[in-house]
Amino acid sequence: MSSDREEDMPRRQALRAQIDENLKRVYSDALKEELPDRFRDLLAQLKAKDGTAAGGGS
Amino acid sequence: MTATAGTRPDPLSDLSEDPRDRLAGAIPRLRAFAISLTRDVSRADDLVQETILKAWSNIDKFDPRTNLDAWLFTILRNTFYSGLRKTRREVQDSDGTFAAGLSEKPAHDGRLAFKDFQRAFDQLSPEHREVLILVGASGFSCEEAAEMMGVAVGTVKSRASRARKRLAELMHLEEGEGLFSGTDGATQAVVLGGAAAAR
């Protein structure tokens with residue numbers, strides 16, 4: 001089933017290279033999505049809570 | 001053990017800084033991984049939020065000598081898969097919807113059309129998307145990916161290979177026969193019938 005002989009299959013390598021190129025684009029497109037404020041707010045909230053509850057724990 | 005800075009002095013300044021201060025910087029990459037995994041921005045954002053919360057409260061379990069991104073990605077993918085087990089039916093439904101729209105032939109212009117690629121990528125199982133993004137796009141080694149996915153390195157490699165093969169099928173490309181061989185009824189059937197069985 002998995003006859004992985006990619007070295008002697010230049011076409012397959014070319015396909016693989018194109019797939020990887022497109023995968024990088026999928027990921028970098030996702031990276032370019034604008035970040036919502038909710039994460040900055042969340043971190044600020046966590047930081048604030050941690051500051052007031054210092055030493056308290058759960 | 002609320003780790004206030006300075007209670008545990010460390011000779012290496014890198015290690016003595018609170019890793020929580022590095023969370024903000026990691027969020028864009030974490031979110032890109034979440035979007036790649038779920039193919040759904042609002043779902044991805046919920047996952048990122050949950051991951052930040054977990055990371056924040058478990059920061060003492062993070063070894064600062066290791067890669068923070070890898071640690072966060074691991075939390076995120078584990079959160080994702082445990083959620084997926086609960087909503088499996090919902091996920092299969094949305095896969096079916098995607099598959100219904102995918103019966104066009106690919107562009108034969110010598111390159112993979114990115115749109116076709118995206119559609120095929122959307123149809124992969126999350127496990128296949130995950131392995132391809134980790135080793136193919138976000139720059140992790142197979143060893144790092146193996147650790148994050150909790151499987152052997154060999155499993156990462158074979159899963160990545162199967163995922164690439166599946167992508168090629170979904171784009172009507174026959175690996176053995178060349179990049180842009182024509183499509184026929186059989187490959188169409190694979191595309192239409194395959195999404196549900198994708199694994």
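Results, tabulated for the structure shown:
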item	result
Shielding score for B:133-142, defined as the mean number of other chain Cβ atoms within 10 Å	4
Average beta-carbon neighbours from other chains, 10 Å sphere, peptide A:30-40	6
Estimated inter-spin distance, A:Ser28 and B:Ala70, nm [label 7 Å along Cα→Cβ]	2.5 nm
Contour excess over end-to-end distance, with Cα ends at B:Val151 and B:Phe114 and 0.36 nm allotted per residue	10.3 nm
Too-long pairs where the Cα-Cα distance tops 22 Å, listed order kept, from A:Lys24/B:Lys86; A:Lys47/B:Lys61; A:Lys24/B:Lys115	A:Lys24/B:Lys86
Base-10 log of normalised Debye intensity for the stretch B:15-86 (one unit scatterer per alpha-carbon) at q = 0.14, 0.16, 0.19 Å⁻¹	-0.39, -0.51, -0.70
Other protein chain Cβ atoms within 10 Å, averaged over every residue that makes up B:125-131	0
Residues A:Gln45 and B:Ser158, FRET efficiency given R0 of 35 Å [Cβ-Cβ distance, rounded to 0.05]	0.25
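Since every read-out is calculated from the coordinates, none of them should be taken as a lab result. All figures in this text were calculated on a predicted structure; none of them were measured in a lab. Backbone-built Cβ (ideal geometry, glycine too); neighbour counts: all protein chains shown.
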